[in-house]
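Just so it is clear, none of the values below were taken in a lab; they were calculated from the coordinates. This is a predicted model, so every value here is computed, not measured. Glycine gets a Cβ as well: all are built from the backbone with ideal geometry, and neighbour counts include every protein chain shown.
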Amino acid sequence: MSALTITHTRAEGTVLEGTAAGDGAAGILTACGWRWSRDRGTWYVPRSRDQHARHDLIEATRSQLQRAGHDVEVHVDEQPRDFADIEVDLLARRRARAAALKRRAVTAKARADAAAGAEEAAVRALPPAGEPIKIGHHSENRHRRSMDRAHRATGKRIAADDRARELERQAQAATQSVAARYAPRPVAARIDRLDAELRQKLRALARLEAGEPGTVDARTRSLLQEQIALLEQELEHWTATRAAQIADGLAVDYGPHNVRPGDQVQISGHWYRAVRANRATVTVDMAGGRRTATAPWRNVTDHNPANQQQEDA
């Protein structure tokens, strides 16, 4: 039987190496939640990069593989990475995926074109002017075979077209995902989310350390401290990104410092009158004073001060 190695690191996630075709490991790994990566040439646990090792899954996998006769070694390194390294790797993987999908889309388009050519040739081989099959004539079998070839060619062309369009859609989505990650509104939303998460983790740590001496769970404290450190790095990165976008004119830092009640604000392409401006949100008039709605500042895309409206009038 194969000698297998399960390794977990923050950079690579949980992977298993050493399998061979026909050694019986594939069925066990699939049942345990592992997937095969053609790009990496190894088995891996989905979404395990930059996460704590799932020791229950690793031990269950090792136990089942050993019962099947495999020798299994396990190596776990829980050393966390800096957020800067995590982000660089994430962007590199997304760009590589987009490039790979683009190459596959080009290949699929070439196959679709070839299938269209084959369909055209098969249709041209049919008797002209939609001539019907002559039952009992010596040409009957040849005519039927030509129609079958034309039908099959049409089916292949349709399937090839569908595949080419789907790969092109995936390639475009993968390419857009890189740019979308750094678009101003998602960046602002990410900052709000990270700030809320960080405050929640800090409160949890404070409650934990305020407990009775000797009752503090050291592992829970260590986990919270690690999460807080990573959240602080993430918040620093995205706050700097947001500041650069504002400095470059790609975003505007709307808030109670520059929006007053009575001003007009644009949200989702529509203009509304602001009735209240808080630190995190703006409340707007939706129906002539009969109804209001509240939105986070990141959703405001333009602003027209009340004094400017009077001058325009």
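Key figures
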{"quantity": "Distance between modelled label sites at Asp302 and Arg185, nm, 7 Å Cα→Cβ extension", "calculated": "1.4 nm"}
{"quantity": "Long-range HN-HN contacts of Thr42 with modeled amide H, under 5 Å", "calculated": "Ser37"}
{"quantity": "Overall form of segment 252-312 per C-alpha gyration tensor (a/c, 1.5; a/b vs b/c)", "calculated": "rounded"}
{"quantity": "DSSP-assigned coil residues among trypsin sites (Lys or Arg not before Pro) in segment 1-78, each with at most 13 further Cβ atoms within 10 Å", "calculated": "Arg38, Arg40, Arg47"}
{"quantity": "Spatial separation of Cα centroids for segment 1-26 and segment 220-244, in angstrom", "calculated": "33 Å"}
{"quantity": "Gln170-Ala26 FRET efficiency (beta carbon distance; Förster radius 22 Å; 0.05 resolution)", "calculated": "0.25"}
{"quantity": "Backbone HN-Hα couplings from phi across segment 274-279 [Karplus 6.51/-1.76/1.60, Hz, Gly and Pro as x]", "calculated": "6, 10, 7, 10, 9, 4"}
{"quantity": "Paramagnetic reach from Arg104 (point 7 Å along Cα→Cβ, amide N under 15 Å) across segment 165-195", "calculated": "165-175"}
{"quantity": "Of (1) 30.3, 100; (2) 21.1, 63; (3) 22.1, 73, the label for Rg and Dmax of the Cα atoms in Å derived from the coordinates", "calculated": "(1)"}
{"quantity": "Convex hull projection area averaged over all views, segment 1-148, Cα basis, nm²", "calculated": "15.0 nm²"}
{"quantity": "The chain: calculated mean residue ellipticity at 222 nm from DSSP helix runs of at least 4, using -39500 (n - 2.57)", "calculated": "-19000 deg cm²/dmol"}
{"quantity": "Distance in nm between pseudo-label sites at His151 and Asp71 (7 Å out along the Cβ direction from Cα)", "calculated": "5.9 nm"}
